[in-house]
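Report on the following structure.
The values are calculated or read from the model by the stated rules, or taken from the named source; none is laboratory data. Since we're looking at a predicted model, the values are computed, not measured. Glycine gets a Cβ as well: all are built from the backbone with ideal geometry, and neighbour counts include every protein chain shown.
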Ligand code: FES
Ligand code: FES
């Protein structure tokens, strides 16, 4: 039997506290997009493969389609709306690291996490880290170059 009971949770999203009523099975992706209206977080595969839905939870990139909203209680959640004029955003523009842009918010969150977590990452580590995200239009080379340009302070 599906548990449809509604419960209230407190979520910290982009430094704001949001009190929201949810069902136990609601994913964080659903709550962020539909209940909080933050549509920069994109739905793609909905099963953890594409990375379009990536957010940061306490600074760590996570796929919000795989996370229940209740699991986000007590964590600092950051979405693309919470990143403003960061080095990685500027680097994506400078290196032309996107085309249609659908995957871009997920890549930006993942790359932001990477430059913060692994400032010493080499090209192989960057390639490995980015394997969690899929882009259907552009090459990955420009995205890797954007990350490298920050790590090497170019
Ligand atoms: S929508 Fe979450 S990984 Fe694809
Ligand atoms: S830029 Fe179009 S899917 Fe990545």
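So the values come out like this:
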{"item": "Test for residue 113: is it closer than 23 Å to residue 135 by Cβ, touching a residue at least 24 places away in the same chain (Cβ under 8 Å), within 14 Å of ligand 2 (Cβ to nearest atom) and surrounded by 19 or more Cβ atoms within 10 Å (Cβ to Cβ)", "result": "no"}
{"item": "Residue satisfying condition, being more than 15 Å from ligand 1 (Cβ to nearest atom), at negative phi and at pLDDT below 95, within set 13, 9", "result": "9"}
{"item": "Output for the stretch 50-67, where each listed residue is buried (at least 18 other Cβ atoms within 10 Å of the Cβ) and assigned to a loop (DSSP other than H, G, I, E, B)", "result": "50, 51, 52, 53, 64, 65, 67"}
{"item": "So residue 117, is it in contact with a strand residue (DSSP E or B) (Cβ under 9 Å, 6 or more places away or on another chain) and farther than 18 Å from residue 14 by Cβ", "result": "yes"}
{"item": "Residues satisfying the stated conditions in the stretch 126-154, i.e. exposed (fewer than 14 other Cβ atoms within 10 Å of the Cβ) and over 21 Å from residue 99 (Cα atoms)", "result": "128, 152, 153, 154"}
{"item": "Breaking point among (1) part of a helix (DSSP H, G or I); (2) more than 14 Å from ligand 1 (Cβ to nearest atom); (3) closer than 21 Å to residue 129 by Cβ, for residue 70", "result": "(3)"}
{"item": "Complete set of residues in the stretch 57-69 that are more than 20 Å from residue 42 (Cβ to Cβ) and in contact with a helix residue (DSSP H, G or I) (Cβ under 9 Å, 6 or more places away or on another chain)", "result": "59"}
{"item": "The listed residue being within 16 Å of ligand 2 (Cβ to nearest atom) and farther than 20 Å from residue 83 by Cα, out of 125, 131, 120", "result": "131"}
{"item": "Verdict on residue 42 being part of a loop (DSSP other than H, G, I, E, B), under 27 Å from residue 149 (Cα atoms) and modelled with pLDDT of 95 or more", "result": "yes"}
